[in-house]
């Protein structure tokens with residue numbers, strides 16, 4: 001992919017020939033992707049398409065076999081995961097990553113603490129870190145969950161836990177947010193709740209969302225990228241993807257040759 005001069009600074013994220021191999025398996029195969037600042041991009045594809053591996057490459061959990069990743073014009077291809085977080089790259093996971101025996105508020109404070117130089121002490125209550133409490137309360141207010149601040153996480157519904165996980169990803173004020181199947185396993189009502197939460201996020205945050213539920217993806221995204229067998233299979237506007245017969249074929253069972 002050739003980028004026109006001056007275009008890079010307008011992009012939040014750019015992947016150039018991004019590839020990940022596990023032995024003889026090419027899980028991600030020469031993907032080229034450009035996501036503009038403030039864009040909402042959905043990443044779709046059947047099971048095994050390489051979506052989560054692709055996210056792990058962007059977040060730094062996996063190192064690419066070849067290719068590169070640029071974040072606001074900066075090459076982060078070999079940057080450690082925690083350094084990408086400090087640059088403003090946030091992420092949620094398919095499986096909820098919370099401390100189930102702690103309160104909602106304590107989960108948020110611990111997440112905020114991980115981004116600061118503040119040292120954790122087992123002898124000091126988390127509620128005594130006033131410099132971290134303000135940000136935690138801001139997020140609870142934004143999520144409409146101030147009444148749940150003292151609730152133990154394991155007592156929350158699955159949908160509420162997903163909302164808290166999004167709040168954890170937002171605690172670092174991310175510029176780019178990766179949401180890995182935030183509605184997986186949720187009821188229709190809970191999915192609608194998460195969809196609404198994502199829709200009302202700050203429009204300056206660039207969002208990439210992996211979704212199996214196409215209704216959710218189409219409700220959130222401005223543009224759709226479809227992966228299949230590790231390759232970028234299709235890309236376009238909501239209307240273009242909705243009408244794409246090749247995309248319909250991979251979702252509804254027609255055999256497709258690998259890229």
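Data table
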item: Stretch gain in nm, segment residue 131-residue 204, where the contour uses 0.36 nm per residue and the Cα spacing is subtracted; result: 23.8 nm
item: Computed helical MRE - 222 nm, the chain, DSSP H runs ≥ 4 contributing -39500 (n - 2.57), nearest 500; result: -9500 deg cm²/dmol
item: Protection-proxy order for peptides 138-150, 100-112, each taking the mean of Cβ atoms within 10 Å per residue, highest first; result: 100-112, 138-150
item: Alpha carbon centroid spacing (whole Å) that separates region 166-227 from region 135-150; result: 19 Å
item: Mean separation of Cα contacts under 8 Å (6+ apart) over length of the chain, as relative contact order %; result: 26 percent
item: Dimensionless Rg over Rh [the chain; C-alpha; Kirkwood]; result: 0.98
item: Cα-based Rg / Dmax (Å) for region 175-259; result: 13.8, 40
item: Separation in nanometres of the label points that stand 7 Å from Cα toward Cβ, at residue 149 and residue 61; result: 3.1 nm
item: Between 0 and 90°, nearest 10: helix 158-170 axis offset from the chain longest Cα axis; result: 90 degrees
item: Rounded FRET efficiency, nearest 0.05, which uses the C-beta distance separating residue 22 from residue 187 and R0 of 45 Å; result: 0.85
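Values quoted throughout were computed directly from the atomic coordinates according to the rules given, and no laboratory measurement underlies them. Nothing here was measured: the structure is a model prediction, and the numbers come from that model. Here the Cβ is made from the backbone with ideal geometry for all residues, glycine too, and neighbour counts use every protein chain on show.
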